[in-house]
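I'd like to ask you about the structure that follows.
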Amino acid sequence: EDKVVQSPLSLVVHEGDTVTLNCSYEVTNFRSLLWYKQEKKAPTFLFMLTSSGIEKKSGRLSSILDKKELFSILNITATQTGDSAVYLCAGGDVQGGKLIFGQGTELSVKP
Amino acid sequence: EPEVTQTPSHQVTQMGQEVILRCVPISNHLYFYWYRQILGQKVEFLVSFYNNEISEKSEIFDDQFSVERPDGSNFTLKIRSTKLEDSAMYFCASRGLPIRDSSYEQYFGPGTRLTVT
């Protein structure tokens, strides 16, 4: 059965800290690993990773995929209170493209 | 910037009633999806739709559910006879034709919160 597991489930940090969120996956016909940020409602797209070892960056956020170990991490440096959200990791399959989501990591950034 | 839209934002219905949730995907996208998220739980895949037919569906997507693209812009999810356990946030998502890597990115709508009483 396909599954995606994220850790930790929740995290409380102070502004300025650096955090690393983890995602492991087992997805049949794996094509891509996607990260989303969910604040109140819809998941907002952050990154999509398809190749091992190539870091993707957007401002203070970065992510990398390890297809051998079936693992991805999302790093956030110099955290701000606006980074407080649930971060979702999802594995996408190659055929129809359905996404299998993890349970999310709830990040709380205190001032 | 193009976005996926959904209506209504909140729907309250009685058990046994039919509901239709509506979505307008991003205009040049060709793959459409419905997901749901029960409060406090994971986002779960329901169904994918391409070229006017279902391409894949999950075990959750039983005979009570159906999808339709009635015109060139709308994509609907119908639940024929709602149950209490159908209460959830329902997300529509879309993506483009997979001709390059970025086409696999799925973009989500704001969701419809369905409450079945």
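How many residues, within segment A:35-50, are facing another protein chain (nearest Cβ under 7 Å) and out of contact with any Gly (no Cβ under 6 Å at 6 or more places or on another chain)?
Residues that pass the stated criteria total 4.
Also, quick follow-up: Out of (1) out of contact with any Asp or Glu (no Cβ under 6 Å at 6 or more places or on another chain); (2) of a type in the set (Gly, Ala, Ser); (3) crowded, with 21+ Cβ neighbours inside 10 Å, the odd one out for B:Ser48 is which?
Among (1) out of contact with any Asp or Glu (no Cβ under 6 Å at 6 or more places or on another chain); (2) of a type in the set (Gly, Ala, Ser); (3) crowded, with 21+ Cβ neighbours inside 10 Å, the lone unmet condition for B:Ser48 is (1).
Scan the strands (runs of 3 or more DSSP E) fully inside segment B:38-117 and keep the ones with 2 or more residues being small (Gly, Ala, Ser) and either within 14 Å of chain A (Cβ to nearest Cβ) or without any contact (Cβ under 8 Å) to a residue 60 or more places away in the chain (or both).
B:88-95
Going by the structure shown, is B:Leu97 over 29 Å from A:Glu39 (Cβ atoms), of a type in the set (A, V, I, L, M, F, W, C) and over 14 Å from the mean Cα position of the chain (by Cα)?
The answer is yes for B:Leu97.
Within segment B:21-45, restricting attention to residues that are surrounded by fewer than 16 Cβ atoms within 10 Å (Cβ to Cβ) and in contact with a strand residue (DSSP E or B) (Cβ under 7 Å, 6 or more places away or on another chain), which residue is nearest to B:Val116 (Cα to Cα)?
So the residue we want is B:Ile38.
A short reminder: the numbers here are calculations on the coordinates, not readings from a lab. Just so you know, these numbers come straight off a predicted model, no measurement behind them. Please note: Cβ atoms are built from the backbone with ideal geometry, for glycine as well, and neighbour counts cover all protein chains shown.
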